[in-house]
Amino acid sequence: MNLFRNLLFWIVLALVGALAAQLLVQDPGKVVVTYGGMNYFTNVPKALLMLIGGLLALWLVWKVLSLPFTAVRRHRKKQARARLIDGLDALHQGHWTRAEKSLAQAARNRDVAAIAGVAAARAAAARGDAAAKVQYLDALAADHPVARALAAADLALAEDRPGDALAALDMPTAQPLPPRGLALRAQALAALGRAGEAYGLLGALRQHNVWPAERLSQHEAAWAEAALREAADANVLADHWETLPKPLKTDPAAVAAYAERAAALRWEEAAAKSLEQALDTRWDESLAALYGRLPIGRLDARRANAERWLQAHPGSPGLLVSLARIARAQGQWPQAEAYLHRALAQGANSEAWEELGHGFAQVGDENRARLSYVNALRAGRGEAITELPGRDLRQKLFDEAVIEERDEFGMPRLRG
């Protein structure tokens, strides 16, 4: 293809020259050059040829004179690339000192200065030389501010310094941030307890395909939960909740975060309603246990909902513990104790033993309260527990007996 283009160029040039010669043959013209009191006469074609020849001679002289400098420049560029490759390979293998030396030398060449400088800073950080790391990064500030900001932020996050990472990314010279910068900024914001702002960057991160879909979903869920827990007041909490996509509004972690923060802000109805809607949509043991643990009122309504759920989930230890908490809060310790024994028989953990201890202590039964607290500690450690006195065989069988749970098709559910 190049040969064809060159041939076509010379053919066209020859045609243009022939046409110009044809025109000049009719009237070759006259050119007079006066220099040093002497007049030199020639025609236009000869003058043009002399001009072209002179320019060509000057070009050849320039090429000959610049050839050594060009050779030196090419040699340096080749040497810088070789050092860059060697340094990156040494960095990958963990030879920090050798990598830093090669990369520092490569960084002197402007063509590879950004890549080599960033890699040299990583090598210095890997061997624990903070001063050298800063020196390499500062050398990039003038010509490569974005590369410097990304490297500084990445290293700061790796060293658990999100404040420094955010400061580097927010430098005016680093704007606008590339996709990698947006990802680092979101991570820094989340680490600083500003998950709401990190959540706001998800749209841009998704648009640029910064992370795989699975990792992006993980960050979305984590930042949504953190943003709910960090809400300063009820209005901010409501705004965060309304902006969540529908699947997250039934995610146990997000629902728990919203309910607990709403309860802390004395927004009791919102806390209870969020759990009720989530449990009606999709059953979750952790949310069932949280329903009775929330420090809110509405005891009668919560107990009615819990008893309704118990008909569909009679073997749920979390729900049984919640019913026990509500019943004890209503001053009905016998019913609460019965729920707790059933919960323990269905696999409840130390939380049920601790609640038993609170109940026995409340009614003045110090011996069984003490034993319940000991069992709570033992259950938490995975150790064998001591059976409470006063429970006959009939009561134990009743605690363990659970109505078979069936799905909407009438098939028995397997117990988790």
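What to note about this one:
Let's see how each residue does on (1) under 30 Å from A227 (Cα atoms); (2) at pLDDT 90 or above; (3) open to solvent by 30 Å² or more (accessible area, probe 1.4 Å):
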{"residue": "A121", "(1), (2), (3)": "no, yes, no"}
{"residue": "Q135", "(1), (2), (3)": "no, yes, yes"}
{"residue": "P162", "(1), (2), (3)": "yes, yes, no"}
{"residue": "L169", "(1), (2), (3)": "yes, yes, no"}
{"residue": "R194", "(1), (2), (3)": "yes, yes, yes"}
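- For A131, the conditions (1) open to solvent by 50 Å² or more (accessible area, probe 1.4 Å); (2) in a loop (DSSP other than H, G, I, E, B) all hold with the exception of (2).
- Residues located in segment 263-308, provided they are among the hydroxyl-bearing types (S, T, Y) and within 16 Å of R229 (Cβ to Cβ): S274, S286
- Matching residues, segment 314-331, being over 38 Å from the mean Cα position of the chain (by Cα) and either touching a residue at least 40 places away in the same chain (Cβ under 8 Å) or open to solvent by 10 Å² or more (accessible area, probe 1.4 Å) (or both): P314, G315, R325, R328, A329, Q330, G331
- Qualifying residue in segment 91-99 (condition: small (G, A, S), surrounded by 22 or more Cβ atoms within 10 Å (Cβ to Cβ) and closer than 25 Å to H208 by Cα): no
- So D143, is it touching a helix residue (DSSP H, G or I) at 6+ places or on another chain (Cβ under 9 Å) and outside any helix (DSSP H, G or I): yes
- Meets criteria (among the charged types (D, E, K, R), at pLDDT 90 or above, open to solvent by 70 Å² or more (accessible area, probe 1.4 Å) and in contact with a helix residue (DSSP H, G or I) (Cβ under 7 Å, 6 or more places away or on another chain)) for R266: no
- Selection over segment 366-385 of residues that are farther than 21 Å from W333 by Cβ and loosely packed, with under 13 Cβ neighbours inside 10 Å gives a count of 4.
- Which numbered condition P334 fails, given (1) outside any helix (DSSP H, G or I); (2) surrounded by fewer than 18 Cβ atoms within 10 Å (Cβ to Cβ); (3) on the phi < 0 side of the Ramachandran plot: (1)
- The single condition from (1) modelled with pLDDT under 90; (2) assigned to a helix (DSSP H, G or I) that R108 fails is (2).
- Scanning segment 386-400 for residues that are open to solvent by 60 Å² or more (accessible area, probe 1.4 Å) and either modelled with pLDDT of 55 or more or not aromatic (F, W, Y) (or both) yields a count of 9.
- Boolean, S350 is touching a helix residue (DSSP H, G or I) at 6+ places or on another chain (Cβ under 8 Å), open to solvent by less than 50 Å² (accessible area, probe 1.4 Å), within 24 Å of H313 (Cβ to Cβ) and polar (S, T, N, Q): yes
- Pairs, first over 9 Å from L150 (Cα atoms) in segment 164-190, second β-branched (V, I, T) and crowded, with 20+ Cβ neighbours inside 10 Å, C-beta under 6 Å, six or more apart: P179/V210; A183/V210
- Close pairs (8 angstrom Cβ cut-off, 6 or more residues apart or separate chains): more than 18 Å from A104 (Cβ to Cβ) in segment 58-84, at pLDDT 70 or above and loosely packed, with under 11 Cβ neighbours inside 10 Å anywhere: none
- Filtered residue count, segment 353-371, keeping only those that are small (G, A, S) and within 14 Å of T386 (Cα to Cα): 2
- Residue match in segment 209-224 (condition: among the aromatic types (F, W, Y), open to solvent by less than 50 Å² (accessible area, probe 1.4 Å) and out of contact with any helix residue (DSSP H, G or I) (no Cβ under 6 Å at 6 or more places or on another chain)): yes
- Enumeration of residues in segment 332-355 that are within 44 Å of the chain's Cα centre (by Cα) and without any contact (Cβ under 8 Å) to a residue 24 or more places away in the chain: Y339, L340, E354
- All positions within segment 271-301 that are assigned to a helix (DSSP H, G or I), open to solvent by less than 60 Å² (accessible area, probe 1.4 Å) and within 24 Å of E242 (Cα to Cα): A271, A272, S274, L275, E276, A278, L279, L287, A288, L290, Y291
The values are calculated or read from the model by the stated rules, or taken from the named source; none is laboratory data. These figures come from a predicted structure and were not determined experimentally. Neighbour counts run over all protein chains shown; Cβ positions are idealised from the backbone, glycine included. SASA here: full protein model, heavy atoms, side chains in, ligands and nucleic acids out. Shrake-Rupley method; radii C 1.70, N 1.55, O 1.52, S 1.80 Å.
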